[in-house]
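The values are calculated or read from the model by the stated rules, or taken from the named source; none is laboratory data. What you see is a predicted model, and the numbers here were worked out from it, not measured in a lab. Backbone-built Cβ (ideal geometry, glycine too); neighbour counts: all protein chains shown. Calculation scope for accessible area: heavy atoms of the full protein, side chains included, ligands and nucleic acids excluded. Shrake-Rupley method; radii C 1.70, N 1.55, O 1.52, S 1.80 Å.
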Amino acid sequence: MISAFEKLSSLLDFREKIRVLILFFLVLIGTLLEVLGIGALLPLVTLLSKPDAIHESPYLSKAYELTHISSINGFIILCLIVVLAIYIFKNAFLFLTTYIQGRFLYSYYRRLSTRLFRLYLLSPYSFHLKRNSAELLRNLQAISKVIQGVLLTSIVLITEATVIVGLFILLVYVDPNSAIIIILGMCVFMGMFY
């Protein structure tokens with residue numbers, strides 16, 4: 001697996017390596033937005049289930065004081081609007097990130113395919129006499145499978161792993177005991193499954 005990454009890295013030019021770093025940065029921002037979205041739901045659910053929690057929670061009471069809203073229902077409506085805005089922004093950002101990932105993968109595929117095709121076209125006639133044309137076409141089509149099989153899966157894996165780590169950090173911050181129980185439970189079920 002590491003040799004596949006090294007081979008793909010050697011096929012990336014400097015500009016594409018910069019784009020990969022930008023993609024990784026966008027993935028980290030997306031992770032923070034995912035954690036923010038889930039973290040914003042916790043106080044909202046608390047407010048909806050028990051409106052008097054404004055006075056019990058230091059964060060909610062501070063936010064309530066800063067907004068200068070006279071009624072608790074008005075504050076709850078403001079919280080709903082803020083959470084809705086967070087989710088709209090988060091989803092728009094994740095859509096943009098996915099679009100940028102798709103464009104990067106397509107341009108990378110196009111550049112590699114063009115490079116290999118040009119190599120085949122500029123090869124001497126004796127090269128084509130020794131090779132079957134179906135084999136050359138298969139090599140051109142294999143590029144898309146390699147990009148989807150290695151590069152796309154790696155991007156998705158990194159994205160999901162950073163989201164899981166971010167959610168775990170949020171869970172440990174909110175309730176460390178529950179986080180430990182959840183991790184132990186997941187380890188037991190994963191051990192049984194695998």
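Quick look at the values:
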quantity: Residues of the range 149-194 that turn out to be part of a helix (DSSP H, G or I) and acidic (Asp, Glu), as a count; calculated: 1
quantity: Counted residues, the range 44-69 - those being open to solvent by less than 40 Å² (accessible area, probe 1.4 Å) and under 19 Å from residue 87 (Cβ atoms); calculated: 3
quantity: Given (1) open to solvent by less than 100 Å² (accessible area, probe 1.4 Å); (2) out of contact with any Ser or Thr (no Cβ under 8 Å at 6 or more places or on another chain); (3) β-branched (Val, Ile, Thr), number of the condition residue 143 does not satisfy; calculated: (2)
quantity: In the range 137-182, the residues that are without any contact (Cβ under 8 Å) to a residue 24 or more places away in the chain, farther than 30 Å from residue 3 by Cβ and in contact with a Leu (Cβ under 9 Å, 6 or more places away or on another chain); calculated: 178, 179, 182
quantity: Residue 100 under 25 Å from residue 164 (Cα atoms), of a type in the set (Val, Ile, Thr) and without any contact (Cβ under 8 Å) to a residue 24 or more places away in the chain; calculated: no
quantity: Evaluation of residue 93 against (1) farther than 30 Å from residue 67 by Cα; (2) under 17 Å from the mean Cα position of the chain (by Cα); (3) of a type outside the set (Asp, Glu) (one fails), failing number; calculated: (1)
quantity: Of the criteria (1) closer than 22 Å to residue 173 by Cα; (2) open to solvent by less than 90 Å² (accessible area, probe 1.4 Å), which one residue 75 fails; calculated: (1)
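A quick yes/no check of all residues on (1) of a type in the set (Phe, Trp, Tyr); (2) farther than 30 Å from residue 40 by Cβ:
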{"residue": "90", "(1), (2)": "no, no"}
{"residue": "93", "(1), (2)": "yes, no"}
{"residue": "111", "(1), (2)": "no, yes"}
{"residue": "122", "(1), (2)": "no, yes"}
{"residue": "129", "(1), (2)": "no, yes"}
{"residue": "137", "(1), (2)": "no, yes"}
{"residue": "147", "(1), (2)": "no, yes"}
{"residue": "156", "(1), (2)": "no, no"}
{"residue": "159", "(1), (2)": "no, no"}
